[in-house]
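First comes the structure, then the notes that go with it.
All of the numbers you see were taken from the coordinates with simple rules; none came from a lab. Just so it is clear, the model here is predicted, and its values are computed rather than measured. All Cβ positions, even for glycine, are placed from backbone atoms using ideal geometry, and neighbour counts span all protein chains on display.
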Ligand code: BGC
């Protein structure tokens, strides 16, 4: 009886090829609607820059805000296609109170940490800064944009509908930081694409598979029918905001519950099936049902499953693919005892069904996005990917690659997924250089 219930759930979480194909074709339709400024679940937001050439040079600051950690980096770009060098870096943790409190206070905290960074690294001369702000922002140009909505449980007040850089600049002035010039505002997917494009001109796509999920893609300007101001380049990077895609997704009752419990109900449906923030929440709900309906954990709900945040992504890693010793150690920590073999198998299966589904849906969106990619070369496509799910989750890279091949057939071998570590921060520095050097105008 137990195994049949798990099998039913596996059925609910499977994504057959036919479904992946459907998702791919709806992604293309939604992209076209978004590019034309028509109603679409994918916003297709212009990034006001094209892929970097590799010639970008100089020292720049990068500020990277997109999750509960934010980073400040000093990046040196050597030019000539050589890898950027992170000269200095600091990571700061934002508290739940800060990300849900007042916007002015949040930007003030960021300005304060930036001031600290400048002091610690004795940066006194004027310096250009690229700002990675990983939320849906409608850019007004390369250095300003309006926050459309928060995601990933951010809800700081007084920011939605307003100019992000203006708010940050005011906060910098309040903290007496006057040497830093914010010259570019970018999404993390755009930064990731740029960080890889510097090294490889065939990179035309950036993907984040981490706490959140999203894709940026290089598109021919003639396909972009909506307002792009004074931008004159032949192609432009588009921040797709694919996390909000909501067509033909195989959502089930668990997805509905995760959505209901989230800070942004009825938004970001794809993200809630794919991203690292939500996968452990799905696992938790599945396990709770299995405990209630079966005999696992003697019918008692362990503390770690009582609230929605305690069970975490790295726990899934261990239960799905960890060594016997690692599972034993974690079980002791979480449950105060080792698991029975049937419980171990159940945990592994649940984690696998949730992580596999994530990879197969992500693959369908990536392949959909490829249909509108403006390539530099006919032979190969390089997709820059950053984020803990892709980098660290055991087997995720493999399942994603296999799903992409299943969808595109033999030409799948020309698509390579490249881990682009710290891409979001480094890419912001690259965009700052593009702006300062005026290389795309
Ligand atoms: C945001 C995107 C971002 C992604 C990855 C999503 O929640 O809407 O702008 O790129 O997370 O960080």
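Observations on the model:
- Fully extending the segment from residue 57 to residue 38 would add 3.0 nm, taking 0.36 nm per residue of separation and subtracting the current Cα-Cα distance.
- Taking label points 7 Å from Cα along the Cα-to-Cβ direction, residue 228 and residue 329 give a separation of 5.1 nm.
- Shape call, the stretch 32-74: gyration tensor on alpha carbons, a/c limit 1.5: oblate
- Taking other Cβ atoms within 10 Å as a rough exposure proxy, 272, 378 sort from fewest to most as 378, 272.
- Distance in nm between pseudo-label sites at residue 309 and residue 371 (7 Å out along the Cβ direction from Cα): 4.0
- Overall form of the stretch 200-325: prolate. Here a/c, set by the Cα gyration tensor axes a ≥ b ≥ c, is 1.5 or more, and a/b is the larger of a/b and b/c.
- Whole-Å distance, taken between Cα centres, linking the stretch 227-300 and the stretch 125-152: 24
- Normalised by 2.2 N^0.38 Å, with N the number of residues, the alpha-carbon radius of gyration of the stretch 49-186 equals 1.04.
- Taking 126, 374, 406 in turn, the Gaussian network model of the chain (Cα-Cα springs below 10 Å) assigns the largest fluctuation to 126.
- Paramagnetic label reach from residue 148 (point 7 Å along Cα→Cβ; backbone nitrogen cut-off under 14 Å): within the stretch 14-42, residues 30-42.
- Descending by average beta-carbon neighbour count within 10 Å, the peptides 287-297, 236-246, 197-207 line up as 236-246, 197-207, 287-297, the highest first.
- Value of relative contact order over the stretch 49-186, rounded to a whole percent, pairs C-alpha under 8 Å and six or more apart: 25
- Gyration tensor over the Cα atoms of the stretch 98-256: the corresponding equivalent ellipsoid has semi-axes (square roots of 5 times the eigenvalues, largest first) of 28, 22, 15 Å.
- In degrees, nearest ten, helix 396-408 long axis to first principal axis of the chain (Cα): 80
- Report note on the peptides 15-24, 349-358: ranked by the mean count of other C-beta atoms within 10 Å, highest first, their order is 349-358, 15-24.
- For the chain, the 222 nm mean residue ellipticity estimated from helices alone, with every DSSP H stretch of n ≥ 4 adding -39500 (n - 2.57) and the total spread over all residues, rounds to -13500 deg cm²/dmol.
- Computed on the Cα trace of the chain, the radius of gyration divided by the Kirkwood hydrodynamic radius gives Rg/Rh = 0.98.
- In terms of overall dimensions, the stretch 50-107 has a Cα radius of gyration and Dmax of 15.1, 44 angstrom.
- Take every pair of alpha-carbon atoms less than 8 Å apart whose residues are at least six positions apart; their mean separation over the length of the chain yields a relative contact order of 24 percent.
- Degrees separating the helix 341-370 axis from the principal Cα axis of the chain, which is the longest one: 40
- For the chain, the longest principal axis of the C-alpha atoms and the axis of helix 2-12 are separated by about 30°.
- Theoretical FRET efficiency, 1/(1+(r/R0)^6), r = Cβ-Cβ of residue 8 and residue 220, R0 51 Å, to 0.05: 0.65
- Shape call, the stretch 1-120: gyration tensor on alpha carbons, a/c limit 1.5: prolate
- Peptides 382-388, 275-281 ranked from most to least packed by the mean count of surrounding Cβ atoms within 10 Å: 382-388, 275-281.
- Length gained on full extension, residue 102 to residue 416: 108.9 nm, using 0.36 nm per residue less the C-alpha separation.
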